[in-house]
1. Taking residue A:24 as the residue in question, decide whether it is touching a residue at least 24 places away in the same chain (Cβ under 8 Å), among the β-branched types (Val, Ile, Thr) and either touching a strand residue (DSSP E or B) at 6+ places or on another chain (Cβ under 6 Å) or closer than 21 Å to residue A:193 by Cβ (or both).
2. Tell me which of these residue A:54 doesn't satisfy, since it passes every other one: (1) within 14 Å of chain B (Cβ to nearest Cβ); (2) within 19 Å of residue A:212 (Cα to Cα); (3) of a type outside the set (Gly, Ala, Ser).
3. Name the residue, out of B:209, B:175, that is within 14 Å of chain A (Cβ to nearest Cβ), surrounded by fewer than 19 Cβ atoms within 10 Å (Cβ to Cβ) and out of contact with any helix residue (DSSP H, G or I) (no Cβ under 9 Å at 6 or more places or on another chain).
4. For residue A:143, work out the one condition from (1) modelled with pLDDT under 85; (2) crowded, with 17+ Cβ neighbours inside 10 Å; (3) within 12 Å of chain B (Cβ to nearest Cβ) it doesn't fulfil.
5. Within segment B:200-228, can you find the residues that are in contact with a Ser or Thr (Cβ under 6 Å, 6 or more places away or on another chain) and free of Cβ contacts under 8 Å to residues at least 12 places away in the same chain?
6. Starting from residues that are among the charged types (D, E, K, R) and part of a helix (DSSP H, G or I), keep the ones in segment B:75-129 and report whichever is nearest to residue B:49 (Cα to Cα).
7. Output the number of residues of segment A:43-64 satisfying the condition of being of a type outside the set (A, V, I, L, M, F, W, C) and either closer than 22 Å to residue B:205 by Cα or not assigned by TED's automatic domain parsing to the domain that holds residue A:82 (or both).
8. Please verify whether segment B:253-274 includes one or more residues that are away from chain A (no Cβ under 14 Å), touching a residue at least 12 places away in the same chain (Cβ under 8 Å) and in contact with a His (Cβ under 8 Å, 6 or more places away or on another chain).
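The values are calculated or read from the model by the stated rules, or taken from the named source; none is laboratory data. Everything numeric here is computed off the predicted structure, so don't read it as measured data. Glycine also receives a Cβ, built like all others from the backbone with ideal geometry; neighbour counts cover every protein chain displayed.
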Amino acid sequence: MSASIAVKDVSKSFGGLKAVSDCTLAVAEGSITGLIGPNGAGKTTLFNMVAGTLAPDPGGTILLDNEDVTGLPANRLYHKGLLRTFQIAHEFSQMTALENLMMVPGHQSGENLLSAWFKPSLVRSEEADIRMRANDVIDFLKLSHLKNELAGNLSGGQKKLLELGRTMMVDAKVVLLDEIAAGVNRTLLNDLVSSIQRLNREHGYTFFVIEHDMDLIARLCDPVIVMAQGSVMTEGPIEDVRANPAVIEAYFGGDPEDVKGAA
Amino acid sequence: MNEIVFFINKVVIAGSVIGSIYAMGAIGVTLVFAILRFAHFAHGDLMALGAFFAFALTALMPGVGTAIGLPTGFVMLPVAMVLTALVAIFLDHAFYRPLRENNVKPVVMVMASIGVTLMIQGLIRLFAGTSARNFFFAESKDIFRLELPFELARRKIVITEPQILLFLFVSAAVVSLHLFLTRSRLGKAMRAMSDNPDLARVSGINTGVVVWTTWVIAGGLAAAAGTLLSLDVTLKPDLSFNLLLPIFAAAIVGGVGQPYGAIAGGFLVGFAETLAVFNWSILLRPLAPVIPDWIEIPDKLAFVPTEYKLTVPFVLLVAVLVWRPTGIFKGKVL
């Protein structure tokens, strides 16, 4: 299996603080790879660099499907099939939930002044298709009762679902999920897990997931990469990672026996 | 009857003229705020600069207008708009973008824009001097005196050619802006970016292009407003400062970040100014027979003396903000 994302010797410093240092990792195509680590391990910084929100320090490379995308801005990566969600849910607050989803697919004919005026039937049928897809997604997320609500008025957990919904509006290749479960209740979480698995299985999405919920990681991710102090500490199946004393030491900073109960 | 015609000339037409100018300026201020999140104080200077570009072109080629049948300054307007838009993009690249990339606080951007103000004002005075200039040095300004079909109306409605051109231009600009924002990919991208820049970026929107577009629209409209106002009156270097404060008042009154609010705010401020300095005695005088004797109609009865005109936008601003703190249209996003 080839690597969907390959990060090689990537570093990022903020002033004197080295958030990510010489990090090298790979996310296999078609996998759901987890990224865990204690707070401040550099997970989100790494994500931001892969997603093109932050430019890495000179020296490292980031490959997306074997293509060098180091330092490409997020909007270019979107067109290469890389989508992401945010740790703190982002939404277009002045649009409804449905419109937020309909916004995602690029190059709609209604966005062209000439087509909007001279090919109204094309615009209408295309918009109807997108609306149908958005409706399907919103049903899938069980948010149908809120679809005409302004997205800014949704709760934190509902916004998280909307974030996932955005990634379902286009045929993405790689999706970066940044703490998708935080603030989502348990029953919804089950739906979330099954929808991620279904997207992975049926649509071939590769997922790269930051998560603090070990339970979710255990159910969802294989393999799991552990980051600590800006670089990769170890990786492997969740059972191995969990049993690794060094991980427990770094992650929880305590006695392995205390942790087993908590995790 | 004559009094009403006088009212139309002094308030309706004059208010629409100044309101249109304020609206075009306020749209730029509000768009820059929506996309870049800072108050661009150098906007008045973009207006003055645009007017000077148009004037310089008029001085170079004074015969063009007569050949077409329009004032030369108006014919040169598109060129001046393009030049001003280029200057706006240059200013962004040279001064604002480096600051933005270092994630400075908005107040630093505001200070930078005040620096740009002083710089442009200095440059204009350096090259063009401080005197007032008239666009119509080679041609004559057409003034239309419309006769009213009423027997009692001896006065005529007076409207000048630049004023008519201004009204046409503003209508066209507002309609195009509306279509652009609602019906085009870039317009949609602008609205998205004004709502949530990070999300816009991961939705495949090139934010650099959006920033450019913003400066092109803001710079172009600023040049148009400055030129059209100078065509109507005269061109003075202090144009920028006289316009800056009412424009900001208009943008805030309308709801910062709302282009439609900026248009409404511009006309509101414009009419408030003209109504405040209007001599109401003129309208009251015909009513003298029905007004009791002990009330004497003064010669001059205006809310505000003309020289204090600039206070009007601020009174209006405070009043609107007390009544609706986010402006008439709910401000902040497009």
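1. yes
2. (2)
3. Every option except B:175 fails the conditions.
4. (3)
5. Passing the criteria: only B:201.
6. B:125
7. Of the residues in segment A:43-64, 6 are of a type outside the set (A, V, I, L, M, F, W, C) and either closer than 22 Å to residue B:205 by Cα or not assigned by TED's automatic domain parsing to the domain that holds residue A:82 (or both).
8. no
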